[in-house]
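Peer 1: Sharing a structure with you now.
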Amino acid sequence: MKKLKSKPVSQSAINDYAYTIFPGDLNASDTAFGGRILEIADRLAAIVARRHSGLLCVTLLVDSIRFIGPATQGEILIFKSAVNRVWRTSMEIGVKVLVEDVKKKKQRHVVSAYFTFVAINKKRRPILVPPVIPGTEEEKRRYAEADQRRQARLGEKK
């Protein structure tokens with residue numbers, strides 16, 4: 001079996017994807033529709049997974065979605081997404097969404113989510129993914145926490 005070359009988190013991360021909230025993005029309470037935010041988050045997580053693995057990747061599950069605060073029409077959402085941890089054929093991708101206040105030059109955290117992706121081959125079978133190398137203290141924390149979430153999921157499965 002061929003040994004895959006490890007890659008740093010920074011090599012595939014998306015750090016500043018901006019999205020302006022328009023009227024079609026709103027729910028009945030005039031705040032950003034959670035489904036729209038998750039759609040964008042899933043697409044970006046898929047890009048991160050593909051960048052990291054070099055392979056087509058599919059969403060296996062969305063583990064934790066936390067809506068921390070609202071976002072309204074005209075506000076700018078900033079998406080950040082990175083590989084938290086890799087196992088054999090799967091990887092956890094974390095997505096953090098902020099709202100940017102352009103006038104005050106401040107950001108507030110509004111959504112966090114964890115997606116698990118599986119890399120697949122041409123026959124749509126799982127295939128090995130290169131390991132990830134966490135570099136910063138935050139990346140190391142996310143790496144450890146990803147394994148805790150995975151262990152909890154596996155415990156629920158039994």
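Throughout, read-outs are computed from the coordinates displayed, never taken from laboratory work. Keep in mind that this is a model prediction, so the values were computed, not measured. Please note: Cβ atoms are built from the backbone with ideal geometry, for glycine as well, and neighbour counts cover all protein chains shown.
Peer 1: Take A13 and tell me if it is of a type in the set (A, V, I, L, M, F, W, C), crowded, with 17+ Cβ neighbours inside 10 Å and touching a helix residue (DSSP H, G or I) at 6+ places or on another chain (Cβ under 9 Å).
Peer 2: Criteria met by A13.
To keep it simple, each residue is scored yes or no on (1) without any contact (Cβ under 8 Å) to a residue 12 or more places away in the chain; (2) more than 30 Å from P23 (Cβ to Cβ); (3) of a type outside the set (G, A, S).
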site	(1), (2), (3)
L61	no, yes, yes
R66	no, no, yes
V83	no, yes, yes
S90	no, yes, no
H109	no, no, yes
V118	no, yes, yes
P134	no, yes, yes
R141	yes, yes, yes
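Peer 1: Does R149 fit the bill of being under 22 Å from A41 (Cβ atoms), basic (K, R), touching a residue at least 12 places away in the same chain (Cβ under 8 Å) and part of a helix (DSSP H, G or I)? Before the answer, list the steps.
Peer 2: Numbers: under 22 Å from A41 (Cβ atoms): yes; basic (K, R): yes; touching a residue at least 12 places away in the same chain (Cβ under 8 Å): yes; part of a helix (DSSP H, G or I): yes.
Judged against the criteria, R149 is a match.
Peer 1: May I ask you to list the residues in region 89-127 that are outside any loop (DSSP other than H, G, I, E, B), over 15 Å from H52 (Cα atoms), of a type in the set (A, V, I, L, M) and over 10 Å from the mean Cα position of the chain (by Cα)?
Peer 2: L98, V99, V110, V111
Peer 1: For residues in region 57-76 being part of a strand (DSSP E or B) and of a type in the set (S, T, N, Q), which is farthest from G155 (Cα to Cα)? Walk me through it before giving the result.
Peer 2: Step one: of region 57-76, the residues part of a strand (DSSP E or B) are 57-67, 72, 76.
Now narrow it down to the ones that are of a type in the set (S, T, N, Q): 59, 64, 72.
Working: T59: 20, S64: 16, T72: 38 Å.
So the residue we want is T72.
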